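Derivation of every value follows stated rules applied to the coordinates shown; laboratory data play no part. Treat the numbers as computed from the prediction; the structure is a model and nothing was measured. Every residue, glycine among them, receives a Cβ derived from its backbone with ideal geometry; neighbour counts consider all protein chains shown.
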Amino acid sequence: MRKAATPFTLIIALCLLFIVSSPSEALAGPFITVKGIGSIEQGNVAKAEYLALNDGFNKALLIKAMQMVPTSQIHALLEAFPGYLSIRGTRDITQYQIAKRAEENNVLVLTINLQINDTHLRQWLDSKTLTVPTESRPRILVAISYTQGQGEKPYAWWEKGGKPRYSPFEKALVERLQQWGENTFPDPPSHVTYNQENSLTDMAKTSGADLLLEGEMSYERNEQGLYTSTLHLELIDTLKGAEMYSWSIKQVSDMGPDDMNSYLAEKLIPPIRARIISKILAQNPVITSTSICIDGIRDYATYQAMINALGAMEDVLKITPSSIKGHAISNSLTIRGSITHILKALKEEQITDMDIEIKPEGAYIKIIEHQ
């Protein structure tokens, strides 16, 4: 069972046909030219122009993102990109010019030249590890025993001689991981051997795998023709020999094993990739720019103690005051890793009682004043 292309993916494929990069006389420096489309309803051209501009802006941001990621991550980018638009919108469009407009069949088409500040886009791509190519990602070995009929002996490729092959479920999972740009073994490694004295983790480590997906998958068909599928899966860090996560799934369905293999493989991709991304970011923390607004400042000593504590943290690379308004001071920060972990560490300093709120555009700290 193949996953149908999402409407967003189909729209993007069509949109890319309209995107061109070229020099400009009207705008300084390189820019992107796109065509934005807006429907004219009840003669409202102004609304159609607004829709066409946003359509063009979104296309331009996507093509800019595609220029910044390796080909292996394009599929993951297309799936994740709506999340970027929901956070940043079109704020990173710094300049634009409508070069041409045309109307046909109640559709307004704008040809737009525009420029983009890609700082936030690059940080977002890095935070999703979309700039990390397949060959630089952790290598994953899949070793999941498979039973399709009641009473059958589980199939395990690592117990076979010669040139081993994946089971149907393993094959479906490996194909999905490859589609998402992850680094897997296309076929089971034949140069490693497994015996009772060594664990699967030892075998995976010998094969050069950084991560091991091991577990059991089985199907049983009842008298009504329904299948009970049972899956237990563990993700192991082979270097540490530690379990990163585990999943247990059991369900009854009229889907046969082939369709269920595809369905479960697709369902497992988000949690598996979330752990892979966490591992990559733990090894190579992303450097980002953000802001912190500290509100409710009643004395400078408390504020300065908070700033000193932040400045002393290894993952805070730079901190600069940016604005003052009443009892609130905003600061620009350059950090490595997660702002959540940094602010948790700040709260543990117990300088003062505070409430912390983290938003996509930055963090807000409210100092609690006790009467």
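When you restrict to C-alpha pairs under 8 Å that are six or more residues apart and normalise by the size of the chain, the relative contact order lands at 11 percent.
Close amide-amide hydrogen proximity is noted between residue 351 and no other residue 5 or more places distant or on a separate chain, at a cut-off under 5 Å (H modeled in the peptide plane; Pro and chain starts excluded). For residue 205, the lysines whose Cα comes closer than 16 Å to its Cα, not counting residues fewer than 8 places off in the same chain, are 240.
Placing +1 on the Cβ of every Lys and Arg and -1 on the Cβ of every Asp and Glu, with nothing else charged, gives the chain a dipole about its Cα centre of roughly 760 debye.
For the stretch 177-258, the relative contact order is 22 percent, taking Cα pairs closer than 8 Å that sit 6 or more residues apart in sequence and dividing their mean separation by the residue count. Footprinting exposure proxy ranking of 160, 59, 279, 250, fewest other C-beta atoms within 10 angstrom first, gives 250, 160, 279, 59.
Panel note: the C-alpha atoms of the chain, placed on their principal axes, show extents of 72, 65, 42 Å (largest first). Placing unit charges on the Cβ atoms of the charged side chains and taking the dipole of the chain about its Cα centre, the candidate lying farthest along the positive direction among 42, 102, 218 is 102.
Of the cross-linked pairs 35/100; 59/100; 128/318; 318/344; 47/100; 128/359, which ones have a Cα-Cα span greater than 20 Å in the structure shown? Too far apart for the 20 Å limit: 128/318.
Against the chain, whose longest principal axis is taken from its Cα atoms, helix 257-283 shows a tilt of about 50°. What are the aspartates and glutamates whose alpha-carbon lies under 14 Å from the alpha-carbon of residue 267, with same-chain residues fewer than 8 places away excluded? Within reach: 170, 175, 259. By the helix-only formula, in which each DSSP H run with n ≥ 4 contributes -39500 (n - 2.57) and the sum is divided by residues, the chain has a 222 nm mean residue ellipticity of -11000 deg cm²/dmol. As a proxy for reagent exposure, 185, 57, 169 were ordered by neighbouring Cβ count within 10 angstrom, fewest first; the result is 185, 57, 169.
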